[in-house]
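Each remark here refers to the structure printed beneath this line.
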Amino acid sequence: MHILVVNCGSSSIKAAVLDHKSGAPVVELRAERLGEEGKSEARINGGEPFACKTEIRSALAELLPKMVEQMPEGVELGGIGHRMVHGGEKFDGPVRVDEEVLEDLRALTPLAPLHNPANLAGIDVARDLYPDLCHVAVFDTAFHSTLPRRARTYALPEELVKKHNIRKYGFHGTSHAYVASKAAEHLGEDIRNLRIITCHLGSGCSMAAVEYGRSIETSMGMTPLEGLVMGTRSGDLDPGILLHLMREEGLSVDELDRVLNRDSGLKGLSGVGNDMRDIEQRACEGDERCRMAMQVFSHHVRKYIGAYAAVMGGVDAIVFTAGIGENSEVIRHRIAQRLDFLGARFDEERNRDAEVSRENPVAEIHNRRSRVSLLVVATDELHAIAQHTAHLVQERDLTRSEGRTIPVAVSARHVHLTQETVEALFGEGYQLKELRPLSQPGQYACEETVTLVGPKRKLEHVRVLGPARNLNQVEVSRTDEFYLGLDSPVRASGDVANTPGIMLEGTEGRKVELKQGVICAWRHIHMTPDDAEYFGVEDKDIVEVEVGHGTGRRVIFGDVLIRVSPKYKLEMHIDTDEGNAAELSRSSEGALISTEGIARLRHRRVRYDHG
Ligand code: ADP
């Protein structure tokens, strides 16, 4: 799907139409020096700059259609994604923009007086131009909404904190999330098993501690001013310095704002501007201030790496990204050498050769003995915004009437047996006989049944499902468990370690005592990779599903496991208790109503290794 992504800053516009999967842009727009009468200019696809309107709304209204006109033939816009800097406490994920959301967004302006109004202008103009498309706001703060209270709280008087919503919000979240997941993908690990420190070092700089997929610490604060030394921002300071400057220099609020946001950081330290390339060059030539600027910059990043490793009780990967992180081998060297105590062994040569791009987004800069991966990862915030937008567009399409629904099958109690158990129950050399096929390809109900003998009671005529497997497994409902007199855990199929055992009775008094294998099946949806793409989910995601349309007993099941394989057929499986709760008939269908967000959170609590 092609998505138009709009990123409006206070004096610039960046926009692109790109494919949400590959991230490859088909047309790009840059406008700069907005607000500077006579100097505002724009380029499309890196071509010759041309003069454009200087006020942001009129500039957008002029430039967006010009850009869209230049899309290659056959490309159609599927939706529009907007970067929003501040989502406050309200927005902890991307959201489709409607009037209500717009009102909430406007109310957030005091939290980001410079950025949010420009972002909102982008949304207003684009909605006027393209009212029929789905508009999605993606927030820099959202990824950090999982920060625990202890990390997001400032030690200030409570009345003030409450009155002004003072807390750490964190920024660059879209980038931190994107590079953390790219790193996990590169390492071939589920992000939910990794502790990653991400260092976004661009014009603005921030770091995040991404513990098992969730941001639990980040260096920027209530505003983007806290944390690392940046291009023109100071980063961490003794707040007493501000008081001192106000008293001794008589600086006004606006003057102080200017000093801290525009004249400090690398620019203030180096005296030659905020571009790390120039600073490196001058430092090489012996400029003492520039050398100091590089030292102070790197020192802060190192300090935070140590802190975040301590906060997470260890680290598996450290990621460098954005302009400086991706391009400056000198800065990476200063930051990442002598981290052996953490288990991170830096490789000078690989660091020098590291190059990343959209096509090759990850480079390793650790050596073979390193326990911690040191990675350079190309960030791509526009791509990330396009992905989030496409996801919500697909979800919207789904909740519309033509949206695809998912057949729901109620699975009655049954057993899967190994060939060995089959023979122990039904006689030597016995083969299961197919009674009728089940909906999942290759699976069938057998003629054979067994009796389950629990500590309290028996259940007779429990169907055996074929073909024989390499594990014995007995799937019962909660009601069955009470009846039998045992407690079995909710598990995914195949995951039978440490589950209760049970006695099975076959024919002619044959019995088999299973040491383990009784589970209450975790409700799940089987789907093919194509289905997964359609629904915007991945294998092992946990989603919410609404079932029971029209039965009068609509139920939303949380904690539904997604299982993806080309061998599957689209179908949700629940047990008899769950089916009864929703009064499902034989042909009931469920609609996947929500995925992201809740899915992530719940996934952490359930440690699940695919059996
Ligand atoms: P943003 O997107 O926040 O404007 P970037 O992520 O593009 O910023 O980072 C911009 C910064 O990256 C520049 O200020 C520059 O200092 C730095 N940078 C880019 N290329 C290099 C390089 N080859 N060596 C050192 N620094 C670089």
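Observations on the structure shown:
- Hits in the stretch 364-387 - residues which are within 16 Å of the ligand (Cβ to nearest atom), of a type in the set (A, V, I, L, M) and out of contact with any Leu (no Cβ under 7 Å at 6 or more places or on another chain): Val376, Val377, Ala378, Ala384, Ile385
- Of the candidates Gly314, Gly306, the single residue that is open to solvent by 10 Å² or more (accessible area, probe 1.4 Å), more than 16 Å from the ligand (Cβ to nearest atom) and not in a helix (DSSP H, G or I) is Gly314.
- Scanning the stretch 193-206 for residues that are of a type in the set (Ser, Thr, Tyr), in a strand (DSSP E or B) and either open to solvent by 20 Å² or more (accessible area, probe 1.4 Å) or more than 16 Å from the ligand (Cβ to nearest atom) (or both) turns up nothing.
- Contacts under 6 angstrom Cβ, first residue in the stretch 271-294 being in contact (Cβ under 8 Å) with a residue 60 or more places away in the chain, partner within 15 Å of the ligand (Cβ to nearest atom) and not in a helix (DSSP H, G or I), 6 or more apart: Asn274/Gly231; Asn274/Thr232
- Candidate set from the stretch 320-364 (those that are among the hydroxyl-bearing types (Ser, Thr, Tyr) and crowded, with 18+ Cβ neighbours inside 10 Å); member that is nearest to the chain's Cα centre (by Cα): Thr321
- Any hit, the stretch 256-279, residues being within 13 Å of the ligand (Cβ to nearest atom), under 29 Å from Asp140 (Cα atoms) and of a type in the set (Asp, Glu): yes
- Taken together, the criteria exclude Ala209 from residues that are over 18 Å from Gly323 (Cα atoms), within 12 Å of the ligand (Cβ to nearest atom) and open to solvent by less than 70 Å² (accessible area, probe 1.4 Å).
- So Val462, is it part of a strand (DSSP E or B), open to solvent by less than 30 Å² (accessible area, probe 1.4 Å) and either farther than 22 Å from Lys569 by Cα or among the β-branched types (Val, Ile, Thr) (or both): yes
- If the condition is being touching a Leu at 6+ places or on another chain (Cβ under 9 Å) and surrounded by fewer than 24 Cβ atoms within 10 Å (Cβ to Cβ), then the stretch 165-192 contributes Asn165, Ile166, Arg167, Lys168, Lys182, Ala184, His186, Leu187.
- Scanning the stretch 35-60 for residues that are closer than 21 Å to Leu382 by Cα and open to solvent by less than 50 Å² (accessible area, probe 1.4 Å) gives Ala42, Ile44, Gly47, Ile56, Ala59, Leu60.
- Any chance Arg289 is modelled with pLDDT of 95 or more, open to solvent by 60 Å² or more (accessible area, probe 1.4 Å), more than 14 Å from the ligand (Cβ to nearest atom) and of a type in the set (Lys, Arg): yes
- Filter pass, Leu251 being in a loop (DSSP other than H, G, I, E, B) and either open to solvent by less than 10 Å² (accessible area, probe 1.4 Å) or closer than 30 Å to Pro148 by Cβ (or both): no
- The stretch 504-526, residues that are of a type in the set (Asp, Glu) and either within 34 Å of the chain's Cα centre (by Cα) or surrounded by fewer than 15 Cβ atoms within 10 Å (Cβ to Cβ) (or both): Glu508, Glu513
- Test: residue in the stretch 124-142 that is free of Cβ contacts under 8 Å to residues at least 12 places away in the same chain and either open to solvent by 60 Å² or more (accessible area, probe 1.4 Å) or farther than 18 Å from Met220 by Cβ (or both): yes
The values are calculated or read from the model by the stated rules, or taken from the named source; none is laboratory data. These figures come from a predicted structure and were not determined experimentally. Positions of Cβ are backbone-derived with ideal geometry, glycine not excepted, and every protein chain shown enters the neighbour counts. Quick note on the areas: whole protein, heavy atoms, side chains included, nothing else; ligands and nucleic acids left out. Shrake-Rupley method; radii C 1.70, N 1.55, O 1.52, S 1.80 Å.
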